[in-house]
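Here is the structure we will look at.
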Amino acid sequence: MKKSRAAEAGSSLVHLRQLHSNSDKGDGSVRYILSGEGAGSIFIIDEVTGDIHATKSLDRERKTHYVLHAQALDRNTEDALEPMSEFIIKVQDINDNAPQFPDGPFVATVPEMSEVGTSVLQVTATDADDPTYGNSARIVYSILQGQPYFSVDPKTGAVFLLAGGQSVT
């Protein structure tokens, strides 16, 4: 029996699903085919079993979903045994992007003798991760250096003066 392309690719494959025709009696007379975005490169199908695999890692920031079409054919006549099936593979996000400060680095000046609570600066960060899936894109602002002189609102990124009445360098 012919060795399938999926078997040749080895253990680097991720099994996604299996296409199965009611006409498939397990005798090798059915051939499964795959077409669409990434078919044959990113996604392959075992033409004997109908197992569909991903051959490489998917990145949601590059492509959020793929549309594929699969079909079962009679191996001898190439006639379709079932209508073509369409399915969409949605790529779920992981926290693989650090927040970025597109307008940074930030510089601000504070007049001497400014009152506590004086607004110093507004910082804004962005995150390429999907905000609709988990907490991957959640941004929480904090100050790594500058305490006890400054405070930042963890939700808005607004920076305020905590120590007033003295010169801060």
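The values are calculated or read from the model by the stated rules, or taken from the named source; none is laboratory data. Remember, predicted model here, so these are calculated numbers, not experimental data. Cβ coordinates were reconstructed from backbone atoms using ideal geometry, including for glycine residues, and neighbour counts include every protein chain displayed. Heavy atoms of the whole protein, side chains included, go into the accessibility calculation; ligands, DNA and RNA do not. Shrake-Rupley method; radii C 1.70, N 1.55, O 1.52, S 1.80 Å.
So if I place +1 on the C-beta of Lys and Arg and -1 on the C-beta of Asp and Glu, and nothing else carries charge, what would the dipole magnitude of segment 51-94 be about its Cα centre? I want it in debye, nearest 20. Walk me through the numbers on the way to the answer.
Details: 6 positive and 9 negative charges, 71 e Å.
It comes to approximately 340 debye.
Multiplying the sequence separation of Asp79 and Gln147 by 0.36 nm and subtracting their Cα-Cα distance, what value in nm do you get? Provide the component values of the computation, followed by the final result.
On the way: separation 68, 0.36 × 68 = 24.48 nm, distance 7.33 nm.
This chain segment gains 17.1 nm when fully extended.
Any idea which of Ile94, Val116, Gly104 is furthest toward the positive side of the dipole for segment 52-132, if Lys and Arg beta-carbons carry +1 and Asp and Glu beta-carbons -1?
Projecting each Cα onto the dipole axis, the largest value belongs to Ile94.
Taking all protein chains in place and a 1.4 Å probe, what share, in percent, of the accessible surface of segment 1-113 do carbon and sulfur account for?
Numbers: 3650 of 7450 Å².
Carbon-and-sulfur percentage of accessible area, whole number: 49.
For segment 41-148, which GluC sites (Glu not before Pro) are both in a DSSP coil and crowded by at most 16 other Cβ atoms within 10 Å?
Details: sites: Glu47, Glu61, Glu78, Glu86, Glu112, Glu115; in loops: Glu47, Glu61, Glu78, Glu112, Glu115.
Within segment 41-148, the qualifying GluC sites (Glu not before Pro) (loop, at most 16 other Cβ atoms within 10 Å) are Glu61, Glu78, Glu112, Glu115.
How much net charge surrounds Asp127 when only other residues with a Cβ under 13 Å from its Cβ are counted (Lys, Arg +1; Asp, Glu -1)?
Working: positive: Arg60, Arg138; negative: Glu61, Asp93, Asp96, Asp129, Asp130.
Net charge in that neighbourhood comes out at -3.
Is there a quick way to get the dipole size of segment 9-60? I mean about its Cα centre, with the Cβ of Lys and Arg at +1 and of Asp and Glu at -1; what is the value in debye to the nearest 20? Can you show the working numbers first?
Numbers: 5 positive and 7 negative charges, 22 e Å.
Using Cβ point charges on Lys, Arg, Asp and Glu, segment 9-60 gives about 100 debye.
State to the nearest 20 debye the size of the charge dipole of the chain about its Cα centre, where the only charges are +1 on K and R beta carbons and -1 on D and E beta carbons. Mind showing how you got there, number by number?
On the way: 14 positive and 23 negative charges, 59 e Å.
Dipole of the chain, to the nearest 20 debye: 280 debye.
Can you give the longest run of the chain that contains no trypsin sites (Lys or Arg not before Pro) sitting in a DSSP loop with at most 12 other Cβ atoms inside 10 Å?
Working: sites that count: Lys2, Lys3, Lys25, Lys56, Arg62, Arg138, Lys155.
With trypsin sites (Lys or Arg not before Pro) excluded where exposed in loops, the chain gives 63-137 as its longest stretch.
Quick check: net charge around His69, other residues with Cβ under 11 Å of its Cβ, Lys/Arg +1 and Asp/Glu -1? Walk me through the numbers on the way to the answer.
Working: positive: none; negative: Glu37, Glu86.
Once all neighbours under 11 Å are counted, the net charge is -2.
Can you show me the helix-derived [θ] at 222 nm for the chain, built from DSSP H runs with n ≥ 4 at -39,500 (n - 2.57) apiece and divided by the number of residues, rounded to the nearest 500.
Details: 1 runs with 5 residues, N = 169.
Mean residue ellipticity, 222 nm, calculated: -500 deg cm²/dmol.
Across the chain, how many lysine pairs, 8 or more positions apart or on different chains, have C-alpha atoms separated by under 23 Å? Please give the number. The partial results should precede the final answer.
On the way: Lys2/Lys25; Lys3/Lys25; Lys3/Lys56; Lys56/Lys90; Lys63/Lys90.
Taking the Cα cut-off of 23 Å, the pair count is 5.
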